[in-house]
Amino acid sequence: MSQIVEQLKSVLGADNVVTKDMAKYLRGSEQPAAVVCPGTGEDVAAIVKAAAEAGVKVNVGGRVVDTAGLGGGIAVVTQRMNQILEIDKDNLTCWVQPGMLHKDFCDSLLKEGLYFPPEPYAVGTSSIAGCFGVGDPDSKSFKYMPPRTYIIAYEMVLPTGETMKIGTKCIKCVSGLDLIHFVSGTRATLGILTKILTKLLPAPVCKSVVVADLPNISAAAKAFLAIQKRRLFVTRENAITAKLGQNILSGAKGAVAFVDIEEFPKANVEYAKIVEAELKIAGATTTKIITDPKEYAATELGWLKAREAVNLNANKVRFTVGASNVVKGLDAAQGVVGPLNENEFTLIEAQLGKITVATANPDADAVKLNNAAMKLGGNVSGLLGSKLRCDEYSDTAMFDSITQLLHNIRKEFDPKGILAPGVKF
């Protein structure tokens, strides 16, 4: 292992290969041999090629790398690759390096009158490559579609060290298998993104947010259902229990609602009034319509910090039931994990019909929550949800077929199995 570390020092420079005091770059209990910080796509290719030749495991992150399965391997931190390379306002596209913080990317574009809608998964550490690598729908996805719709081209270093270039600035450039959007959600199992072309939108003309303190999270869900029945096309419809809700509305005692509106000025004003009225009908003791840009930005950041805390909680279970069944889904969750107002990490993203709860027994409770969600037309999120659905229908052969297909695709890209060892299909 010392041989490959010295080899990487000769390629990247000793200052960009860290073998001591690595903790700030890592998440997890296993210890890699080194953290490396490439500055270019060529650096990434050299790292992966050396690792492939030596049979050494590799994982990547923008600021922090998951060390699951990475004991003795190489952690690639792309924080030096953090620049916007080109903004094309005529074509509404942007080339960006993978290590730029997701929030910094969004903020930089807003200064240019442009908009990248997807939310950071973890506002303090998530990179723009991580946005597509994770690929999860966020609470804006009902209005703006999931993150995968915003990647239209990329350069990626394959597990062999070769570089693959896919896509163009043209939205229509695919016939047959779509390898552009195929990369979203692969979590660096097929390759490491080194350059990304994103689709952009014009910045919203007007933004406002309505926040409220409600008696409990079920009251928030009932208000959201009433808003949906009014056919208001709001941007986000979220609520979180009080402890994390302090990030959004200081002094809240019940559940904090966060309803975001991005429309033209007149519609914004009217929508905000209706939203506030429905929240009051649901029992809100405090409501506030925020339109000042600085206060809006601070409130949105509070929401993102609260969501980050939920996302990074290892003992969570996330399931979907559809927008119309969130109230019933919360009732079912309460029967499994206990009173939700006492559950610090209870979060609803109502337009997605998505509920997240914390539990001391995530494995056992995931089964119970999946059974409840299936009765409402949904299931637990992710590959676990697929497995639990197959178990419920006594169709393990289906799940075996799914996982075997994923395994075969991964093996075609990564025959030596060196990339993202902690991601299991």
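At-a-glance table
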item	result
So residue 386, is it in contact with a helix residue (DSSP H, G or I) (Cβ under 9 Å, 6 or more places away or on another chain), of a type in the set (Ser, Thr, Tyr) and surrounded by fewer than 21 Cβ atoms within 10 Å (Cβ to Cβ)	yes
Some residue of the range 31-38 being of a type in the set (Val, Ile, Thr) and in contact with a Pro (Cβ under 8 Å, 6 or more places away or on another chain)	no
Residue that is within 16 Å of residue 321 (Cα to Cα) and either touching an Asp or Glu at 6+ places or on another chain (Cβ under 8 Å) or loosely packed, with under 14 Cβ neighbours inside 10 Å (or both), where the choices are 361, 370	370
Residue in the range 289-310 that is within 21 Å of residue 246 (Cβ to Cβ), among the aromatic types (Phe, Trp, Tyr) and in contact with a helix residue (DSSP H, G or I) (Cβ under 7 Å, 6 or more places away or on another chain) present	no
Matching residues, the range 335-353, being free of Cβ contacts under 8 Å to residues at least 40 places away in the same chain and surrounded by 17 or more Cβ atoms within 10 Å (Cβ to Cβ)	336, 337, 353
Candidate set: the range 134-159, residues that are surrounded by 18 or more Cβ atoms within 10 Å (Cβ to Cβ) and hydroxyl-bearing (Ser, Thr, Tyr); chosen: the one farthest from residue 60 (Cα to Cα)	144
Residue 224 vs. criteria within 15 Å of residue 325 (Cβ to Cβ), in the same structural domain as residue 347 (by TED's automatic domain parsing) and touching a strand residue (DSSP E or B) at 6+ places or on another chain (Cβ under 9 Å)	yes
Residue satisfying condition, being among the acidic types (Asp, Glu) and within 19 Å of the chain's Cα centre (by Cα), within set 90, 107, 178	107
Selected residue [under 21 Å from the mean Cα position of the chain (by Cα), outside the structural domain of residue 131 (by TED's automatic domain parsing) and at pLDDT 95 or above] from 288, 305, 273	305
Residue ID - surrounded by the fewest Cβ atoms within 10 Å (Cβ to Cβ), chosen from residues in the range 199-223 that are in contact with a Ser or Thr (Cβ under 7 Å, 6 or more places away or on another chain) and part of a strand (DSSP E or B)	199
Residues within the range 175-197 that are buried (at least 18 other Cβ atoms within 10 Å of the Cβ) and either in a strand (DSSP E or B) or without any contact (Cβ under 8 Å) to a residue 24 or more places away in the chain (or both), tallied	6
Residue match in the range 48-58 (condition: under 23 Å from the mean Cα position of the chain (by Cα) and modelled with pLDDT of 95 or more)	yes
Among (1) at pLDDT 90 or above; (2) out of contact with any Phe, Trp or Tyr (no Cβ under 6 Å at 6 or more places or on another chain); (3) at negative phi - the single one residue 417 does not satisfy	(3)
Residue within the range 402-422 that is within 27 Å of residue 307 (Cβ to Cβ) and of a type in the set (D, E, K, R) present	no
Subset of the range 340-365 that is farther than 10 Å from residue 238 by Cα and assigned to a helix (DSSP H, G or I) - its residue that is nearest to the chain's Cα centre (by Cα)	362
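Residue-by-condition table, conditions (1) over 27 Å from residue 48 (Cβ atoms); (2) not in a loop (DSSP other than H, G, I, E, B):
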position	(1), (2)
384	yes, yes
387	yes, yes
391	yes, yes
399	yes, yes
404	no, yes
416	no, no
425	no, no
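Residue-wise test of (1) under 22 Å from residue 154 (Cβ atoms); (2) surrounded by 19 or more Cβ atoms within 10 Å (Cβ to Cβ).
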residue: 15; (1), (2): no, no
residue: 18; (1), (2): no, no
residue: 29; (1), (2): no, no
residue: 48; (1), (2): yes, yes
residue: 56; (1), (2): no, yes
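The values are calculated or read from the model by the stated rules, or taken from the named source; none is laboratory data. Keep in mind it's a predicted model, so treat the numbers as computed, not measured. Note: ideal-geometry Cβ built from the backbone for every residue, glycine included; neighbour counts use all protein chains shown.
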